[in-house]
Amino acid sequence: MQIQKSFSFRKLDNTEVCFLINKLEKNKATGLDKISCKLIKIAVDIITPSLTNIFYCSISSEIFPKEWKLACVSPIFKKGAETYPGNYRPISVLPVVAKKALKKQFIINFTDI
């Protein structure tokens with residue numbers, strides 16, 4: 001028996017986007033957009049319809065906003081000699097809303113398989 005594996009994005013609605021925003025941790029790092037989780041949570045009622053529309057347009061057009069692809073990359077020391085570059089690992093901080101929208105899509109799709 002062969003399992004059909006497929007992946008497709010589905011439209012998120014305002015309720016789901018609001019739920020995702022409310023689940024954000026207030027102390028998460030701020031990306032290059034300089035929009036903090038705390039600010040997003042405070043403005044949830046105002047920004048949810050716009051974010052939902054942005055997510056829908058991104059999914060339907062198959063274009064991910066280029067601003068959401070930009071990350072602030074910082075080297076984090078692991079162990080060994082601090083002067084050796086190989087002893088550091090990169091940490092990328094992306095805009096919070098970009099990660100949440102995609103994460104929701106991946107969880108939905110892979111739990112259905």
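The values are calculated or read from the model by the stated rules, or taken from the named source; none is laboratory data. Keep in mind that this is a model prediction, so the values were computed, not measured. Using ideal geometry, Cβ is built from the backbone for each residue, glycine included, and neighbour counts are taken over all protein chains shown. Quick note on the areas: whole protein, heavy atoms, side chains included, nothing else; ligands and nucleic acids left out. Shrake-Rupley method; radii C 1.70, N 1.55, O 1.52, S 1.80 Å.
In this structure, is Leu32 outside any helix (DSSP H, G or I), among the aliphatic types (A, V, I, L, M) and over 20 Å from Val93 (Cα atoms)?
On the way: outside any helix (DSSP H, G or I): yes; among the aliphatic types (A, V, I, L, M): yes; over 20 Å from Val93 (Cα atoms): no.
So Leu32 fails the test.
For the list (1) in contact with a Pro (Cβ under 7 Å, 6 or more places away or on another chain); (2) closer than 25 Å to Asn22 by Cα, I need the number of the one condition that Leu70 fails. (1) is the only condition that Leu70 fails.
Conditions (1) out of contact with any strand residue (DSSP E or B) (no Cβ under 9 Å at 6 or more places or on another chain); (2) of a type in the set (Val, Ile, Thr); (3) open to solvent by 80 Å² or more (accessible area, probe 1.4 Å); (4) in contact (Cβ under 8 Å) with a residue 12 or more places away in the chain, marked per residue:
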residue: Asn14; (1), (2), (3), (4): yes, no, no, yes
residue: Phe19; (1), (2), (3), (4): yes, no, yes, no
residue: Leu32; (1), (2), (3), (4): no, no, yes, yes
residue: Ala43; (1), (2), (3), (4): yes, no, no, no
residue: Thr48; (1), (2), (3), (4): yes, yes, no, yes
residue: Glu62; (1), (2), (3), (4): yes, no, yes, no
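Go through Lys69, Lys26 for me and flag whichever is under 12 Å from the mean Cα position of the chain (by Cα), open to solvent by 90 Å² or more (accessible area, probe 1.4 Å) and not hydrophobic (A, V, I, L, M, F, W, C). Testing whether each residue is under 12 Å from the mean Cα position of the chain (by Cα), open to solvent by 90 Å² or more (accessible area, probe 1.4 Å) and not hydrophobic (A, V, I, L, M, F, W, C) leaves just Lys69.
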